[in-house]
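Chemist: Before I ask anything, here is the structure I am working with.
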Amino acid sequence: MAAANIKPIAQCDVKSLLDEEVQKRNCCSELSYANPDPLLVASRYKDESIALICALFAYGNARNIVAFLDRLDFSLLQEKEEKIKSMLEKHYYRFQTDEDVTALLIALKRLKQIDTLENLFYEGYKKEENLLEGLWHFIGKLKTVHPYKSCGYDFLTGRIPRSLNRAGTYKRYLMFLRWMVRKDALDMGLWQKIDKKDLLIPLDTHTFHVSRKLGLLQRKSYDMKAVLELTDMLKKFDSQDPVKYDFALYRLGQEKRV
């Protein structure tokens, strides 16, 4: 049965709505083939590299994302690079060719030989506890360890922006960080070194439009400044865990309840 529409509510009631949604959504049944989400696949393995692959391919139709991830053999991360190349022929997804998919697995395999992904993020984050500095440091390492270039690969892995004024939302990376840092019935909490109070909202189009309708976001541009504005607003609701509202906002938009 279709969910009932939520009537416009006063700003003072938004927190109550979101707190209720967070509590209701915090259950394993939110991750299923009936409600497909890349976290469904990532949760099976509880591995940081596999989770990052799941997050970076998380664009487009949710069912298609999960179907693609189900076809990937993640054990290839333990194999030699030549075997990775031979086994991933014809494994492509939307903007990514099989060469792009192969390049990502090779890059992550090489990173694992250097350090954990958590430590690589932490290296940039730790000085000022700045999540974006951690992200820029990680992307730099990812690009350096395997300097492969293509339009599809650059779309998948992102670039370090010249300034925040020119930065997109980096939604897929911020979603990955939510999975890694937070711990509840949905998020895996595999990392210990980054504080969840420093997480930033993984802003997708559903979250963006719902947040504007609820009066949480004034910015009209879909970019990193909108991410920071929305995160600051959510910190007023919970300063220690602002991103706990992400999944609830996303589902409200996906289900067209706001």
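The values are calculated or read from the model by the stated rules, or taken from the named source; none is laboratory data. This one's a predicted model, so the numbers in the text were calculated from it and none came from an experiment. Virtual Cβ from ideal backbone geometry, glycine too; neighbours counted across all protein chains shown.
Chemist: Kindly indicate which of D241, D204 is closer than 30 Å to V101 by Cα and not assigned by TED's automatic domain parsing to the domain that holds G60. Talk me through it step by step, then tell me what you get.
Modeler: On the way: D241 fails: closer than 30 Å to V101 by Cα.
Residue meeting the stated conditions: D204.
Chemist: Further question on the same structure: For the range 45-59, check the following and say yes or no: at least one residue is touching an Asp or Glu at 6+ places or on another chain (Cβ under 6 Å), surrounded by 14 or more Cβ atoms within 10 Å (Cβ to Cβ) and modelled with pLDDT of 95 or more. Write out each step before concluding.
Modeler: From the range 45-59, those touching an Asp or Glu at 6+ places or on another chain (Cβ under 6 Å) are none; that's our starting set.
Checked the range 45-59: no residue is touching an Asp or Glu at 6+ places or on another chain (Cβ under 6 Å), surrounded by 14 or more Cβ atoms within 10 Å (Cβ to Cβ) and modelled with pLDDT of 95 or more.
Chemist: Got a sec? Which helices (runs of 4 or more DSSP H) wholly within the range 39-112 have at least 1 residues that are touching a His at 6+ places or on another chain (Cβ under 8 Å)?
Modeler: Working: elements: 48-56, 62-71, 81-87.
By residue number, 62-71.
Chemist: Please give the helices (runs of 4 or more DSSP H) falling wholly within the range 160-258 in which 2 or more residues are farther than 25 Å from S16 by Cβ and out of contact with any Asp or Glu (no Cβ under 7 Å at 6 or more places or on another chain). So that I can check it myself, show each step before the final result.
Modeler: Values: elements: 171-181, 205-213, 224-235, 246-254.
Here the list reads 171-181, 224-235.
Chemist: Of these, T116, T102, which one is out of contact with any strand residue (DSSP E or B) (no Cβ under 7 Å at 6 or more places or on another chain), outside the structural domain of T205 (by TED's automatic domain parsing), among the hydroxyl-bearing types (S, T, Y) and under 27 Å from T231 (Cβ atoms)? Break it down stepwise before answering.
Modeler: Numbers: T102 fails: under 27 Å from T231 (Cβ atoms).
From the options T116, T102, the qualifying one is T116.
Chemist: Against the condition in contact (Cβ under 8 Å) with a residue 24 or more places away in the chain, assigned by TED's automatic domain parsing to the domain that holds L76 and crowded, with 19+ Cβ neighbours inside 10 Å, how does L132 come out, does it pass? Walk me through it before giving the result.
Modeler: Values: in contact (Cβ under 8 Å) with a residue 24 or more places away in the chain: yes; assigned by TED's automatic domain parsing to the domain that holds L76: yes; crowded, with 19+ Cβ neighbours inside 10 Å: yes.
Yes.
Chemist: Okay, moving on. Which pairs have Cβ atoms under 6 Å, sit 6 or more apart or on different chains, and link a residue in the range 136-155 that is in contact (Cβ under 8 Å) with a residue 40 or more places away in the chain and in the same structural domain as L120 (by TED's automatic domain parsing) to one that is surrounded by 14 or more Cβ atoms within 10 Å (Cβ to Cβ) and of a type in the set (S, T, N, Q)?
Modeler: Sorted first by the residue in the range 136-155, then by its partner, the pairs are G152/Q96; G152/T97.
Chemist: Follow-up. I'm told L216 meets every condition in (1) farther than 29 Å from Y92 by Cβ; (2) surrounded by 17 or more Cβ atoms within 10 Å (Cβ to Cβ); (3) assigned by TED's automatic domain parsing to the domain that holds R94 except one. Can you identify the failing condition by its number?
Modeler: All conditions pass for L216, except number (3).
Chemist: Go over the candidates V101, V145 one by one and state the one that is within 18 Å of I50 (Cα to Cα), among the β-branched types (V, I, T) and in contact with a helix residue (DSSP H, G or I) (Cβ under 6 Å, 6 or more places away or on another chain). So that I can check it myself, show each step before the final result.
Modeler: Values: V101 fails: in contact with a helix residue (DSSP H, G or I) (Cβ under 6 Å, 6 or more places away or on another chain).
Only one candidate passes the filter, namely V145.
Chemist: Looking at R182, is it surrounded by 14 or more Cβ atoms within 10 Å (Cβ to Cβ) and touching a residue at least 60 places away in the same chain (Cβ under 8 Å)?
Modeler: Values: surrounded by 14 or more Cβ atoms within 10 Å (Cβ to Cβ): yes; touching a residue at least 60 places away in the same chain (Cβ under 8 Å): yes.
Considered against the rule, which asks whether it is surrounded by 14 or more Cβ atoms within 10 Å (Cβ to Cβ) and touching a residue at least 60 places away in the same chain (Cβ under 8 Å), R182 comes out as yes.
Chemist: Could you count how many residues in the range 219-244 are surrounded by fewer than 14 Cβ atoms within 10 Å (Cβ to Cβ), among the hydroxyl-bearing types (S, T, Y) and touching a residue at least 40 places away in the same chain (Cβ under 8 Å)?
Modeler: Going through the range 219-244 one residue at a time, the tally reaches 1.
Chemist: Residues of the range 195-217 being within 12 Å of R172 (Cα to Cα) and either touching a Phe, Trp or Tyr at 6+ places or on another chain (Cβ under 6 Å) or aliphatic (A, V, I, L, M) (or both), which ones?
Modeler: Matches in the range 195-217: L200, I201, L203.
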